[in-house]
Amino acid sequence: MKIIGIGDNVVDVYIDQNVFYPGGNCVNVLVNAKRNGAEKASYLGIFGTDDAAEHIKYALKQEHISFDFSRTTVGKSGHPGVNINALGDRVFVGGPRDTVQHIVKLNLTENDLDYIKGFDVAHVSRYSSMESELEKLSKVISVSYDFSNGYSEAYLSQVCPFIDYAFLSAADLSDEAIEELLKTMKPYNLKVIGITRGAQPAIFIYNDKRYIQEPVATQVVDTMGAGDSFIGGFLRAFMDGEPIETALALAASSAAKTCGFHGGFGYPKNMTS
């Protein structure tokens, strides 16, 4: 399986540790797809010109993920603040709004699209600011999209016509609300709908059949990137033709491993004043 992630890269700033870790939904998914056996994983996005951007690039190189078609814009990288609670759950505490991810938008060129055609799937997230690019992207490749917890009916109607794989985070939704969400998404005829629910079983819909994946028991250090790890593991196995039950088991195992260390995929770096 060859996967390209298009969109967000950030560093997650752990306030209590005074360190930051490379991350961002797209970057995390790529790293975990590669760690779970993807033949090729590449990133296309916008980098800043600060130490944070250099550290993200360093980590991507270490994980054998290319970023040749990415852009660089003068400015600072996204760096949301993070606290870890007593249960190991990461809690975002906001970040600056004057970063390159906020002030510059990625516009896909014909050269980009020709390059993207060489992959099996493109992964995008709601943090990628790629909504206006989805239609032309969908004409050259299958699209995976992580809605996180942002899935109003209006937003679903804007995005779902151009994607094949939808992933949603719904740890806070009741069973009844999840059923309503699935009912809302059914008319879009997506290939896969995946709903992760934190420590509760994940719900996946494929070929109108429902699959339930229990989480893998683990000692939780930090939940940062666990959902992204689940997606990366699932896409790798599913896109390589493995049965969905096998793909889900691998995804759950991948997420459990990610909960065992700090950061989305490691690589801490001390903050400088």
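Under 9 Å between Cβ atoms, at least 6 apart or on separate chains: pull out the pairs that start in region 61-78 with a residue that is within 27 Å of Arg97 (Cβ to Cβ) and end on any residue that is aliphatic (A, V, I, L, M) and surrounded by fewer than 13 Cβ atoms within 10 Å (Cβ to Cβ).
These pairs meet every condition: Thr73/Ile103; Gly75/Ile103.
Would you mind stating whether Ile231 is touching a Pro at 6+ places or on another chain (Cβ under 9 Å) and on the phi < 0 side of the Ramachandran plot?
No.
Need pairs with beta-carbon distance below 6 Å; first residue farther than 14 Å from Lys186 by Cβ and within region 161-172, second assigned to a loop (DSSP other than H, G, I, E, B) and at pLDDT below 95; sequence gap 6+ or separate chains.
From region 161-172, the pairs are Ser169/Asn149; Ala171/Gly198.
Looking at Asp16, Asp68 in this structure, which one is surrounded by fewer than 19 Cβ atoms within 10 Å (Cβ to Cβ), in contact with a Leu (Cβ under 9 Å, 6 or more places away or on another chain) and not hydroxyl-bearing (Ser, Thr, Tyr)?
After ruling out the rest, the residue left standing is Asp68.
So, restricting to strands (runs of 3 or more DSSP E) that lie completely within region 14-107, which ones have at least 2 residues that are touching a Ser or Thr at 6+ places or on another chain (Cβ under 6 Å)?
In region 14-107, 40-47 are the strands (runs of 3 or more DSSP E) which contain 2 or more residues that are touching a Ser or Thr at 6+ places or on another chain (Cβ under 6 Å).
Looking at region 1-13, which of the residues that are within 13 Å of the chain's Cα centre (by Cα) and either hydrophobic (A, V, I, L, M, F, W, C) or over 21 Å from Ser138 (Cα atoms) (or both) is surrounded by the most Cβ atoms within 10 Å (Cβ to Cβ)?
Only one residue tops the list, namely Asn9.
When Val82 is evaluated against the numbered criteria (1) out of contact with any helix residue (DSSP H, G or I) (no Cβ under 7 Å at 6 or more places or on another chain); (2) surrounded by fewer than 19 Cβ atoms within 10 Å (Cβ to Cβ), which criterion, by number, is the only one it fails?
(2)
Taking the condition surrounded by 15 or more Cβ atoms within 10 Å (Cβ to Cβ) and in contact (Cβ under 8 Å) with a residue 12 or more places away in the chain, does Ala217 pass?
No, not satisfied.
Of the conditions (1) farther than 27 Å from Ala59 by Cα; (2) within 19 Å of the chain's Cα centre (by Cα), Thr184 satisfies every one except a single condition; which number is it?
Failing condition for Thr184: (2).
Report, ordered by the first and then the second residue, all pairs with beta carbons closer than 6 Å, sequence separation of six or more or different chains, a first member in region 93-105 that is over 14 Å from Gly81 (Cα atoms) and at pLDDT below 85, and a second member that is buried (at least 17 other Cβ atoms within 10 Å of the Cβ) and not basic (Lys, Arg).
Hits for this filter: Gln101/Gly78.
Does His123 satisfy the condition of being in a helix (DSSP H, G or I) and at pLDDT 95 or above?
No.
Tell me, which residue of region 19-56 that is touching a residue at least 12 places away in the same chain (Cβ under 8 Å) and among the acidic types (Asp, Glu) is surrounded by the fewest Cβ atoms within 10 Å (Cβ to Cβ)?
By that ranking, first place goes to Glu39.
If the requirement is being touching a Cys at 6+ places or on another chain (Cβ under 9 Å) and either on the phi < 0 side of the Ramachandran plot or not acidic (Asp, Glu) (or both), which of these qualifies: Val159, Val93, Val192, Val124?
Only one candidate passes the filter, namely Val124.
The values are calculated or read from the model by the stated rules, or taken from the named source; none is laboratory data. For clarity, every value in this text was computed on a predicted model and none was experimentally measured. Ideal geometry is used to build each Cβ from the backbone, glycine not excepted, and the neighbour counts take in all protein chains shown.
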